Each structure stands twice: as structure tokens, then as C-alpha cells.
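What follows is a short report on a single structure.
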């Protein structure tokens, strides 16, 4: 009965023209024991080459399909679109830059055969990346685990396998600011982990800038934790206590005949408390903005072209 099962491999791409054919060829050479299909999600690539390469590879291989967004909606929503449309008995998501090694697919499928419904991969070696990338990745996971209620292992990635029943749960989610790594832990199905060494990027440059990484971290914290709101409360108590201490010091100085500090100290105090207030207002603003945007109930993404739903002529 093994050959009756279908595996959907979802690969979001953004300006990855040079890697598309290469990743398909690598998957083909693995000779997976199950029937499989590859679904590329073109996340509004700004270069025409990515779209052209997707057309060419889809024409060459009947098991390769793609959907194209009308604009760039982001990596997490591209993954969500792939999960929403996937037809497989399990879905494997991986990046299109070949840093997620296709050679790991058989091991992930084996864990699925053993009864695990979620197979998470963890990078133990980041390959040839700069020191800034390593430090920012460490700080990313450290911050997430400190402030979020969903713990993540260092090195977790979006290279994972999800059973169909897990995918069905994900399809029901309609969060505008998705954090799929946290949601994968949150759903609570039977989970296991596999370690891997990240491959070096052969073509192109990483599309995950520091700003995108920071935004992903903020989404993870706000989506799964109210700790920043408690931080606001604690900061308020600290500021109030400091104000009382400063007032006591001022009164003692006044009655003892000492000169009360002038404009410099006053400006420092005002600046300090103003900064705390702005931080607190920013935290509240982030939570309120999520509620406001979610209340509009706009579609998470817009698909311009969809070959995945077309009849398979292969």
C-alpha cells in the first residue's frame, strides 16, 4: 500500500531562479519510495527569471506544479499557501536555496512511518555563514525562548514534515502574522526531531535580512506570549518607585540646605521616563495593531496563477 500514498513537497521561492532546477534534480535522484509531487510557491519574485524557470520545470516534469502570488507576502504566508493547497498524505516544507538538504527526506519519511505526525529538523551546522548571522540566530532563539510561552530548540527551521491531520489543523488557521515554527510546537501532535548540517548556498544570496529576522521574532513573541505586557507593568512599578526615591532625595536635600540638582539631572530623568513610556506604548501598540489588522479579515495572500489545481497531463 506504500505506493498509494502521496507526499507533497512545498518549496517557497523568492528570486531563486538558479536553484529551482537544481533542487528538483536532487529530489529526483533520491528515489523516494512513495509517489510525490513538488509544489513551488512563487512569493511575488521581483525577477522574471524565477517565474520563467518555474514554467520550464513544470512543463518538463508532470509532478512539478507552482502557484504565484501577485506580490510578495512573505515566507511564512508562502508556506501557509502551500499547506492550504497540499493534497499529500504528508507535507514536507523546505527552502528553495538547497541549504535544506533533500538527502534528509528519506529519514524524515521513515520517522513518519514510525508513527510521528510532526518531524522537525534542527541545524547543528550553519555552513559558511558570517559571524553576524551566527550571533543573530543565537540571539533570535534566546529571545524567543525568554519571552515566548512556546519553547524552540536552537537551530529549528521551516524544514519539516507534517502529517495530513496536522496540515488539516493548519488549514483552519487564519492568523495574519504567522509564526509556523511556534505553531508546529503548539498543535501538540506526536513530534520528533532530526539534526542536519546546513548546506552552503550555491547560487544567490539569502533573502532573510536582519529586518525580516527581527520581524519574525516579534511575531513569535506576540503570537505566543503576553510577557511583554507584564514587562510594561514591571517597568511602570520600577519607574514609580524611582520617582518616589527621587522625590525623597529632593526633599531631604531641600531641608538639609543642599543645592537641588538643576536642569541637567531634570532632563536626564525626564528623558529616562519618556523613553520607558514610549517603549510601553510601543508594546501596547504592537498588540493592538495585530488585533486591528486581523479584524479586517483580509485574505492572507492573493494567488495570481495556479497550475497546481489544473488537471495533471503527465
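Quick notes
- Each residue in the stretch 28-48 was checked for being exposed (fewer than 14 other Cβ atoms within 10 Å of the Cβ) and assigned to a loop (DSSP other than H, G, I, E, B), and 3 pass.
- Selection status of residue 114, in contact with a helix residue (DSSP H, G or I) (Cβ under 9 Å, 6 or more places away or on another chain) and either under 23 Å from residue 197 (Cα atoms) or at pLDDT 90 or above (or both): no
- Residue within the stretch 132-149 that is in a loop (DSSP other than H, G, I, E, B), touching a strand residue (DSSP E or B) at 6+ places or on another chain (Cβ under 6 Å) and either modelled with pLDDT of 80 or more or surrounded by fewer than 19 Cβ atoms within 10 Å (Cβ to Cβ) (or both) present: no
- Criterion applied to 52, 59 was being at pLDDT 90 or above and within 14 Å of residue 16 (Cβ to Cβ), and the one residue passing it is 52.
- Of all residues assigned to the stretch 99-109, at least one qualifies as being touching a strand residue (DSSP E or B) at 6+ places or on another chain (Cβ under 7 Å), touching a residue at least 60 places away in the same chain (Cβ under 8 Å) and farther than 19 Å from residue 33 by Cβ.
- Where residue 57 falls short, out of the listed (1) part of a helix (DSSP H, G or I); (2) surrounded by 15 or more Cβ atoms within 10 Å (Cβ to Cβ); (3) in contact (Cβ under 8 Å) with a residue 60 or more places away in the chain: (3)
- Set 66, 51: member being part of a helix (DSSP H, G or I) and under 21 Å from residue 15 (Cβ atoms): 51
- Any pair with Cβ under 6 angstrom, 6 or more apart, that starts in the stretch 183-195 at a residue that is under 20 Å from residue 100 (Cα atoms) and ends at one that is assigned to a helix (DSSP H, G or I): 192/111; 194/107
- Each residue in the stretch 1-20 was checked for being modelled with pLDDT of 90 or more and either under 19 Å from residue 62 (Cβ atoms) or surrounded by fewer than 16 Cβ atoms within 10 Å (Cβ to Cβ) (or both), and 8 of them qualify.
- Given (1) closer than 27 Å to residue 117 by Cβ; (2) in a strand (DSSP E or B), number of the condition residue 88 does not satisfy: (2)
The values are calculated or read from the model by the stated rules, or taken from the named source; none is laboratory data. Nothing here was measured: the structure is a model prediction, and the numbers come from that model. Cβ: placed from backbone, ideal geometry, glycine included. Neighbour counts: every protein chain shown.
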